[in-house]
Amino acid sequence: LFLPNDAYLAWYVMKYGELNYSISDYIKNKLENALSYTFIDIGANVGLTSRDVFLKNSNVNQIICIEPVKRTFSCLVKNMSDFENKILFNFALGENNSTEKIYVDDANYGNASLVKSMMSTSKHNSHQDEEIDIKSVSDFFIEIKNKIVNQQLIIKIDTQLYDELIFSLIPEEIIKNTHLL
């Protein structure tokens, strides 16, 4: 596993040897064996959730990850390198196509947000920022439309205060094909 050197995720994995997200077990219990699924991970971080879901569910046959922070994305690429059916995107989702500043907590790279006030939760009260690309939710789903044909979708959204906005922008035809959100 490749992890950014922070005081949260890297420390936890080093101490306990795993992350043990309950979301992958929850997903496993909700899937139908006869169906084929695509897992869409919006705010994928370093990909540990995607890896876990993919490894625990043989009928999840494709993973699509979106992670805007460049150094976190580089860990995601390495962590997903063993999987063939993956598509990785280095941008954020939003209402419109744009370029904006994202704030990244130095103590917890998983705490990255377009909202600067999220940095007030920083363990070391320290953060950096970087310019990122944002793709509109509608443009994103148009781009992947041909890659998710005949697939039931599982969508995970973890976007530091933008979850509801992104959900509200997901096209209705995508929601109809979503098994779990």
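The values are calculated or read from the model by the stated rules, or taken from the named source; none is laboratory data. Please read these numbers as outputs of a predicted model, since none were measured by experiment. Virtual Cβ from ideal backbone geometry, glycine too; neighbours counted across all protein chains shown. Each accessible area value is taken on the protein alone, full model and side chains, heavy atoms only, with ligands, DNA and RNA left out. Shrake-Rupley method; radii C 1.70, N 1.55, O 1.52, S 1.80 Å.
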Whole-Hz Karplus couplings 3J(HN,Hα) for segment 51-63, θ = phi - 60° and coefficients 6.51, -1.76, 1.60, Gly and Pro as x, run 4, 5, 4, 5, 6, 8, 9, 5, 9, 8, 9, 8, 10
Extend 7 Å from the Cα of ASN29 along its Cα-to-C-beta direction; within segment 127-168, residues with backbone N under 20 Å of that point are 154-157
Ignoring ligands and nucleic acids, GLU67 exposes an accessible area, probe 1.4 Å, in Å² to the nearest 10, of 10
The size of the Cβ-based charge dipole (Lys, Arg +1; Asp, Glu -1) of the chain about the Cα centre, to the nearest 20 debye, is 420
Carbon plus sulfur, as percent of the 1.4 Å-probe accessible area of the chain, comes to 47
Expressed to two decimals, segment 86-132 has a Cα Rg over Rh, using the Kirkwood radius, of 1.02
Row for segment 60-165, column shape: gyration tensor on C-alpha, a ≥ b ≥ c, rounded if a/c < 1.5 i.e. under 1.5, prolate if a/b over b/c, else oblate; value prolate
Taking 70-79, 42-51, 105-114, 25-34 and ranking on average Cβ neighbours within 10 Å, highest first, one gets 42-51, 105-114, 70-79, 25-34
Rounded to two decimals, the Rg over Rh value of segment 1-87 from Cα coordinates and the Kirkwood Rh reads 0.97
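Within segment 131-181, which GluC sites (Glu not before Pro) sit in a loop by DSSP and count at most 13 neighbouring Cβ atoms inside 10 Å?
In loop regions of segment 131-181 (DSSP not H, G, I, E or B), there are no sparsely surrounded GluC sites (Glu not before Pro).
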Across the alpha-carbon set of the chain, Rg over Rh with Rh taken as the Kirkwood radius works out to 0.95
With Cα springs under 10 Å, the Gaussian network model of the chain assigns the largest mean-square fluctuation among TYR37, TYR103, TYR21 to TYR21
For the chain, dividing by residue count, accessible area per residue (probe 1.4 Å) in Å² works out to 53
Excluding residues fewer than 8 positions from LYS70 in its own chain, the lysines with Cα under 29 Å of it are LYS15, LYS56, LYS78, LYS86, LYS101, LYS116, LYS123, LYS135, LYS145, LYS147, LYS156
Taking only the alpha carbons of segment 47-94, the radius of gyration and the largest Cα-Cα distance, Dmax, both in angstrom, are 10.6, 31
Quick calc: nm separation of the 7 Å Cα→Cβ label points for LYS78 and GLU130 -> 1.4
